[in-house]
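Working notes, structure below.
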Amino acid sequence: MELAYYSDYAVRLVNSEDPARGKDSLTSVEAVRDLFGSHQEAARRATDADVTRFRSVRARLRSVFEAANDGDESTAVNLLNALLLEFPVSPQISGHDVRDDDGRPLWHMHLADHPSNATAGYAAIAAMGLAFHLTEYGVDRLGLCEASPCRNAYLDTSTNRSRRYCSDRCATRANVAAYRARKRLEADRSASTGRTADSAQRSLANGER
């Protein structure tokens, strides 16, 4: 569904923080405005007061991803519904002055927000987009990266619901870590087997005496 595109707003906001590493890029009004991407008109409404408000919404959106990642569908839905009630939007048909080869508008659904501040506008679009993604593809399509210590949010759009990492970089890092762990285990087992064999040979030698 076209409106599922807006779910990226939720991912961008959640991933502006890296809790495990104690990093937070959401520290200024400029950082808030950057989250809006191409929606510059909405971004211009942002003020310093929105930094704190954005952080609050971010924590609530992360809770949605955490519940979904843990398989707690009811909690994920309830948390998202609470955001939808608090930050409503009005779906509208829009053409954005884009026309097809015949000169006709390329109509599509657009989320029009009527916020009192930039946070309310962003939260409304992020929550609605995430809701459309959840209902279209399933709660299990909302995940948190399994590459420790990364806990970035992601939306699984794979055909077999197999995504486990937020990026190729994290997937590679996790695979390398798993490979090294297997090698260490094999080395430990080999060393243990060697020590057992040496012990057996010494016991045999002592018995022969």
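The values are calculated or read from the model by the stated rules, or taken from the named source; none is laboratory data. None of these values were measured; they are calculated from a predicted model. Here the Cβ positions follow ideal geometry from the backbone for every residue, glycine too, while neighbour counts run over all protein chains shown. These accessible areas exclude ligands, DNA and RNA; they are computed on the full protein's heavy atoms, side chains included. Shrake-Rupley method; radii C 1.70, N 1.55, O 1.52, S 1.80 Å.
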Out of Tyr154, Tyr165, report the one residue that is assigned to a loop (DSSP other than H, G, I, E, B), aromatic (Phe, Trp, Tyr) and either out of contact with any His (no Cβ under 9 Å at 6 or more places or on another chain) or under 23 Å from Lys23 (Cβ atoms) (or both). Tyr165
Subset of the stretch 107-124 [at pLDDT 80 or above, over 20 Å from Ser28 (Cα atoms) and of a type outside the set (Phe, Trp, Tyr)]: Ala124
Take the stretch 60-77 and flag every residue that is in a helix (DSSP H, G or I), surrounded by 13 or more Cβ atoms within 10 Å (Cβ to Cβ) and either of a type in the set (A, V, I, L, M, F, W, C) or without any contact (Cβ under 8 Å) to a residue 60 or more places away in the chain (or both). Arg60, Leu61, Ser63, Val64, Phe65, Ala67, Ala68, Thr75, Ala76, Val77
Does the stretch 111-124 contain any residue that is part of a loop (DSSP other than H, G, I, E, B), free of Cβ contacts under 8 Å to residues at least 12 places away in the same chain, over 23 Å from the mean Cα position of the chain (by Cα) and surrounded by fewer than 15 Cβ atoms within 10 Å (Cβ to Cβ)? yes
Got a sec? Which of Arg12, Arg55 is open to solvent by 60 Å² or more (accessible area, probe 1.4 Å), basic (Lys, Arg) and in contact with a helix residue (DSSP H, G or I) (Cβ under 8 Å, 6 or more places away or on another chain)? Arg12
Check whether at least one residue in the stretch 59-74 is more than 18 Å from Cys150 (Cβ to Cβ) and of a type in the set (Asp, Glu), and report yes or no. yes
